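Visitor: Structure below; questions to follow.
The values are calculated or read from the model by the stated rules, or taken from the named source; none is laboratory data. Given the structure is predicted, the values throughout are model-derived calculations rather than measurements. Note that each Cβ is placed from the backbone with ideal geometry, even for glycine, and that neighbours are counted across all protein chains shown.
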Amino acid sequence: MIHVLLGLAGVGVGAVGSMLGIGGGIFMVPLLLLTGLVATAQGAAGTSIVAVAANGLSSTVAYGRKGVTHWKVGLAVIPGAVGGGWLGPWIGERIASGTLALAFGIFLLYPAGILLLGKQPRDLFRGRGREGLGIVAPVGIGLLAGTAGGLFGIGGGVIMVPALTLLGLDMVPAVATSLLVMIPSAGMAAARHALAGNTRWELALPLALGVVVGSQVGPRIAQRIPAPWLRRLFALVLLYTAFQMIRTGVA
């Protein structure tokens, strides 16, 4: 029964992730930890990141049909993101579970604050960024997002999407490009976590299957629900989860 419920949860996570350009780990990690399905934050991250990689792959296929993915920028960001995908789990192996849970809870306050305003990440920035991204900027974005994604098991989209919009991409291409970058980045992090014994495959696989389904229907749902209200609803969920994770970390 638990596998069916995880699959259904994955559908919801995949739908949300494909709408906002995030991997969905901000929901899956707390779900796994707070329900007691995994015992440590490292185990939650290692299990979640498998579904994040699946979300990136499935969502990229969906956005690829629309022709909105900025492949040039994505390929420029990927090297740093893959490096971060290796670095994040390495850092996680050296941090106590309670400390990691506390850090994750604090980290969640950032996307929650954005969504609570009913805004997309780009709305927080005024003016256009430059189109010429150079080399340092995309590599730095990828490294930061990949490290956060690998460390917390989230994919890094909450960092990557606003960074890409700030540098000049429109919202939809930024979302699609973020999901593209998650494929190798989350894949690297998943491999690192698996080798460290952090992955609960019996939990990760039903989550991943549900995420694949949800990431295909997410954009269609988004067109039927007023986006600001939908984001505020997600923000309330994130805030509750953030406080629960912080409470767990300081207990």
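Visitor: So, of the residues in the stretch 224-237 that are under 16 Å from residue 18 (Cβ atoms) and surrounded by 14 or more Cβ atoms within 10 Å (Cβ to Cβ), which turns out to be modelled with the lowest pLDDT? Lay out the reasoning, then the answer.
Guide: Filtering the stretch 224-237 down to residues under 16 Å from residue 18 (Cβ atoms) leaves 224-225, 227, 230-231, 234.
Cutting the leftovers down to surrounded by 14 or more Cβ atoms within 10 Å (Cβ to Cβ) gives us 227, 230-231, 234.
Working: 227: 59, 230: 66, 231: 68, 234: 68.
Selected residue: 227.
Visitor: For the stretch 125-159, which residues satisfy the criterion of being of a type in the set (A, V, I, L, M), modelled with pLDDT under 85 and assigned to a helix (DSSP H, G or I)?
Guide: First, pick out the residues of the stretch 125-159 that are of a type in the set (A, V, I, L, M): 133, 135-137, 139, 141, 143-145, 148, 151, 154, 158-159.
With modelled with pLDDT under 85 added as a condition, the list becomes 133, 135-137, 148, 151, 154, 158-159.
Hits for the stretch 125-159 are 136, 137, 148, 151, 158, 159.
Visitor: Take the stretch 52-67 and flag every residue that is touching a residue at least 12 places away in the same chain (Cβ under 8 Å) and in a loop (DSSP other than H, G, I, E, B).
Guide: Of everything in the stretch 52-67, nothing turns out to be touching a residue at least 12 places away in the same chain (Cβ under 8 Å) and in a loop (DSSP other than H, G, I, E, B).
Visitor: Tell me, yes or no, whether the stretch 207-223 has at least one residue that is buried (at least 21 other Cβ atoms within 10 Å of the Cβ) and either at pLDDT below 80 or outside any helix (DSSP H, G or I) (or both). Lay out the reasoning, then the answer.
Guide: Applying the first criterion (buried (at least 21 other Cβ atoms within 10 Å of the Cβ)) to the stretch 207-223 yields 207-208, 210-211, 214-215, 218.
If we keep only those that are either at pLDDT below 80 or outside any helix (DSSP H, G or I) (or both) as well, we get 218.
Looking through the stretch 207-223, at least one residue is buried (at least 21 other Cβ atoms within 10 Å of the Cβ) and either at pLDDT below 80 or outside any helix (DSSP H, G or I) (or both).
Visitor: Oh, and also: Can you name the residue in the stretch 164-187 that is assigned to a helix (DSSP H, G or I) and over 14 Å from the mean Cα position of the chain (by Cα) and is also surrounded by the most Cβ atoms within 10 Å (Cβ to Cβ) among such residues? Break it down stepwise before answering.
Guide: To start, the set of residues in the stretch 164-187 that are assigned to a helix (DSSP H, G or I) comprises 164-166, 171-187.
With over 14 Å from the mean Cα position of the chain (by Cα) added as a condition, the list becomes 164-166, 171-173.
Values: 164: 33, 165: 24, 166: 19, 171: 18, 172: 16, 173: 21.
So the residue we want is 164.
Visitor: Same structure again: Could you grab me the full set of residues in the stretch 161-185 that are farther than 16 Å from residue 63 by Cβ and in contact (Cβ under 8 Å) with a residue 60 or more places away in the chain? I'd like the intermediate steps shown before the answer.
Guide: To start, the set of residues in the stretch 161-185 that are farther than 16 Å from residue 63 by Cβ comprises 162-163, 166-168, 184-185.
Within the stretch 161-185, 184, 185 meet the criteria.
Visitor: Tell me yes or no: at least one residue of the stretch 144-160 is more than 14 Å from the chain's Cα centre (by Cα) and in contact (Cβ under 8 Å) with a residue 60 or more places away in the chain. Walk me through how you get there before you give the answer.
Guide: Here is the first cut: in the stretch 144-160, the residues more than 14 Å from the chain's Cα centre (by Cα) are none.
No.
Visitor: Could you run through the stretch 90-124 and say how many residues are among the charged types (D, E, K, R), part of a helix (DSSP H, G or I) and modelled with pLDDT of 75 or more? Reasoning before the result, please.
Guide: Step one: filter the stretch 90-124 for residues among the charged types (D, E, K, R), giving 93-94, 119, 122-123.
In the following step, the residues that additionally are part of a helix (DSSP H, G or I) were identified as 122-123.
With modelled with pLDDT of 75 or more added as a condition, the list becomes none.
Selection size over the stretch 90-124: 0.
Visitor: I need a count of the residues in the stretch 30-48 that are crowded, with 24+ Cβ neighbours inside 10 Å, touching a Ser or Thr at 6+ places or on another chain (Cβ under 8 Å) and either at pLDDT 90 or above or aromatic (Phe, Trp, Tyr) (or both).
Guide: Total meeting the criteria: 3.
Visitor: Tell me the residue from 158, 181, 213 that is in contact with a helix residue (DSSP H, G or I) (Cβ under 8 Å, 6 or more places away or on another chain) and within 17 Å of residue 114 (Cβ to Cβ), please.
Guide: Checking each option against the conditions leaves just 158.
Visitor: Let me ask something else. Looking at the stretch 31-51, can you tell me whether even one residue there is of a type in the set (Gly, Ala, Ser) and not in a helix (DSSP H, G or I)? Can you show your working first?
Guide: Step one: filter the stretch 31-51 for residues of a type in the set (Gly, Ala, Ser), giving 36, 39, 41, 43-46, 48, 51.
When the remaining residues are screened for being not in a helix (DSSP H, G or I), the result is 36, 39.
Checked against the condition, which is being of a type in the set (Gly, Ala, Ser) and not in a helix (DSSP H, G or I), the stretch 31-51 yields at least one hit.
Visitor: Report, by residue number, each residue of the stretch 1-29 that is surrounded by fewer than 16 Cβ atoms within 10 Å (Cβ to Cβ) and of a type in the set (Val, Ile, Thr).
Guide: 2, 4
Visitor: Determine if the stretch 78-92 includes at least one residue that is free of Cβ contacts under 8 Å to residues at least 24 places away in the same chain and out of contact with any Phe, Trp or Tyr (no Cβ under 7 Å at 6 or more places or on another chain).
Guide: Within the stretch 78-92, the subset free of Cβ contacts under 8 Å to residues at least 24 places away in the same chain is none.
No, that holds for no residue.
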